[in-house]
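What follows is one structure encoded as structure tokens, with my remarks underneath.
Read the figures in this text as sums done on the coordinates, not as results from a lab. Keep in mind it's a predicted model, so treat the numbers as computed, not measured. A quick note on method: Cβ atoms are made from the backbone with ideal geometry, for glycine too, and the neighbour counts reach across all protein chains shown.
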Amino acid sequence: MGWYTKPAEKPALKPTESLWAVCRACNTYVPREEWVKSQRVCPRCNFHDRMTCRERVALVCDEGSFSEINAAVTVSDPLQFVDASGAYADKAKATVAKTGEGESVLTGTGTIEGIGVVLGVMDFRFLGGSLASGTGERILLAAEEALKLRKPLIIFSASGGARMHEGIISLMQMAKTCAAINRLQQAGVPFISVLTDPTTGGVSASYAMVGDINIAEPKALIGFAGRRVIEQTIKQKLPDDFQTAEYMLEHGFLDHIVSRSEMKAFLANVLRYATNKLVEQI
């Protein structure tokens, strides 16, 4: 019977990256066109996948209003770090070429529904969105720009934590950025912190959690140490929703969870209130 030996025909379509996106939370295949149209939000489980810093700027800022600042501040290699996988300087150079960004945070000025702001937007593609000396310096300068202009500062965090290739210098950025934020708060200039997936390590332990208002995207991973490390340390099983945005909201670490499609309108409402307070202070 010939049909037993007939070679199997190759499928006309393959689940390639050009045709499909795969949700990292529920493994659902979503047509790439639908994935892009939905701003990388899974239609099945509502997981908000990662965005590039430029995509997020386009999402929240008025068209054509964003102007980058501090682009000259880039990666430094104070320890001339080398490990088994190669030199940090080479990794950083390759990352800059791949992403087109000079550091793990993009900073600039712009408007949201006509309201002027200073923005810092982290990009997880850049060495896991890690906090390094260049990252901290850009955030410091952005906070100083917000203080000079008396415009609210908004930081979108997406990070695996401190960039240990720079050793103690990377950890120093936690105090450095918090000091910059504190000067803003002492002057009455609002700081809005937006936590996206993931916000962990030294970023969650510093500027990401000290906003005048802390908000997050649905189901974002937020925490310090990883689940496995904590479970092995305390010898207890953690809840399934541990370190999710919903868990953090329930336990008082967040003020609100905002869907990506509603982010711009939500920020605009907060900014209207905040800028009215700023005017009252002048």
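List, in the order given, every pair from Lys237/Lys264; Lys37/Lys237; Lys176/Lys237; Lys93/Lys235; Lys176/Lys264 whose Cα-Cα distance in the structure shown is over 32 Å. Before the final figure, lay out the partial values.
Working: Lys237/Lys264 37 Å; Lys37/Lys237 38 Å; Lys176/Lys237 35 Å; Lys93/Lys235 41 Å; Lys176/Lys264 29 Å.
As for pairs spanning more than 32 Å Cα to Cα, those are Lys237/Lys264; Lys37/Lys237; Lys176/Lys237; Lys93/Lys235.
Based solely on its DSSP helices, what 222 nm [θ] is calculated for the chain when runs of n ≥ 4 H residues each add -39,500 (n - 2.57) and the sum is averaged over all residues, nearest 500 deg cm²/dmol? If you can, show how the numbers build up before the last one.
Values: 10 runs with 103 residues, N = 282.
Result for the chain, helices only: -11000 deg cm²/dmol.
Once you've got the GNM for the chain with C-alpha springs shorter than 10 Å, pick whichever of Arg40, Arg24, Arg163 has the biggest mean-square fluctuation.
Result: Arg24 has the largest fluctuation of those listed.
Arranged from highest to lowest average of other beta-carbon atoms within 10 Å per residue, in what order do the peptides 233-241, 111-119, 77-85 appear?
Averaged packing, sorted descending, gives the order 111-119, 77-85, 233-241.
Which Cys in the chain stand alone, with every other cysteine's Cβ at 4.7 Å or more from theirs?
Among the cysteines of the chain, those whose Cβ sits 4.7 Å or more from every other are Cys53, Cys61, Cys178.
Under DSSP H, which helices of the chain have Cα atoms covering 18 Å or more of the helix axis and a Kyte-Doolittle average no less than 0.0? List each step's numbers first, then the result.
Numbers: long enough: 133-149 (24 Å, 0.23); 168-186 (27 Å, 0.47); 263-281 (27 Å, 0.08).
Helices passing the filter in the chain: 133-149, 168-186, 263-281.
Roughly what % of DSSP beta bridges within the chain run antiparallel, to the nearest 5? Intermediate values should be presented prior to the final figure.
Numbers: 18 of 36 bridges.
Close to 50 percent.
Out of Cys53, Leu119, Asn27, whose Cα points farthest toward the positive end of the dipole of the chain (charges: +1 Lys, Arg; -1 Asp, Glu; placed on Cβ)?
Asn27
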